[in-house]
Amino acid sequence: MSDRVEKVFLIGMMGVGKTTAGRLLAEALGWPQIDSDEEVVRVAGRPFAELWEQGGESGFRSLEVKVVADLASRPDQLVVALGGGAVLDPRNREAIKSAGLVVWLRADPNTLTKRVGDGRGRPLLKGGPAKALNELSEARAPIYEGIADLVFDVDRVNPREVARRVAKAVREHQCAS
């Protein structure tokens with residue numbers, strides 16, 4: 001990563017608040033914001049449910065790799081809220097690590113379970129949100145930890161405060177460079 005932060009990638013589990021905090025962070029920094037899941041849907045030209053139904057997780061992840069590569073290679077400043085599983089592909093991890101500041105928004109699985117409710121619209125939670133989120137959190141935590149430049153625990157913090165703290169860290173990083 002270059003000394004000057006041009007992009008911020010928010011990573012973490014579904015329900016952690018990446019999209020909401022990302023919008024607020026982008027507003028605070030005066031940068032555009034993109035949600036990678038929304039971008040996959042836009043590029044595909046089909047709704048998420050249809051993408052997942054027709055191509056399954058592997059089809060979605062294949063398109064996600066292309067979207068993440070595009071977002072990472074853009075020359076402009078950008079806040080990117082990455083889908084929770086985007087970091088599973090090593091190509092995505094490499095792209096975001098080389099392109100910007102990677103911020104892990106971390107929450108306890110119990111907090112995530114409360115936030116996602118019954119899991120409707122989230123195919124990975126079909127077996128029950130609590131069990132699935134515990135398993136996914138346990139499996140993904142080492143990956144998130146391995147690529148994060150910064151970690152913010154968000155269990156007891158609202159998205160506006162998360163954005164404020166991340167913006168402060170980005171500005172401090174800019175000044176230290």
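The values are calculated or read from the model by the stated rules, or taken from the named source; none is laboratory data. All values derive from a computational prediction rather than experimental measurement. Cβ atoms come from the backbone with ideal geometry, glycine included; neighbour counts cover every protein chain shown. Side chains are part of the model used for accessible areas, which takes the heavy atoms of the whole protein and leaves out ligands, DNA and RNA. Shrake-Rupley method; radii C 1.70, N 1.55, O 1.52, S 1.80 Å.
Miscellaneous remarks
- Scanning the range 22-46 for residues that are part of a loop (DSSP other than H, G, I, E, B) and either free of Cβ contacts under 8 Å to residues at least 12 places away in the same chain or open to solvent by 50 Å² or more (accessible area, probe 1.4 Å) (or both) gives Gly30, Pro32, Gly45, Arg46.
- Of all residues in the range 147-170 being in a helix (DSSP H, G or I) and free of Cβ contacts under 8 Å to residues at least 24 places away in the same chain, the one that is nearest to Gly17 (Cα to Cα): Glu161
- Qualifying positions in the range 136-151 - open to solvent by 40 Å² or more (accessible area, probe 1.4 Å) and in contact with a helix residue (DSSP H, G or I) (Cβ under 7 Å, 6 or more places away or on another chain): Ile143, Leu150
- For the range 153-177, a residue qualifies if it is open to solvent by 30 Å² or more (accessible area, probe 1.4 Å) and touching a helix residue (DSSP H, G or I) at 6+ places or on another chain (Cβ under 6 Å), and the qualifying residues are Asp155, Pro159, Arg160.
- Note on the range 71-96: residues that are farther than 16 Å from Met13 by Cα, outside any helix (DSSP H, G or I) and open to solvent by less than 10 Å² (accessible area, probe 1.4 Å) total 2.
- Qualifying residue in the range 47-57 (condition: surrounded by fewer than 22 Cβ atoms within 10 Å (Cβ to Cβ), in contact with a helix residue (DSSP H, G or I) (Cβ under 7 Å, 6 or more places away or on another chain) and not in a helix (DSSP H, G or I)): yes
- Filtered by the rule that a residue be closer than 25 Å to Ala141 by Cβ and open to solvent by 30 Å² or more (accessible area, probe 1.4 Å), the range 1-13 gives a lone residue, Met1.
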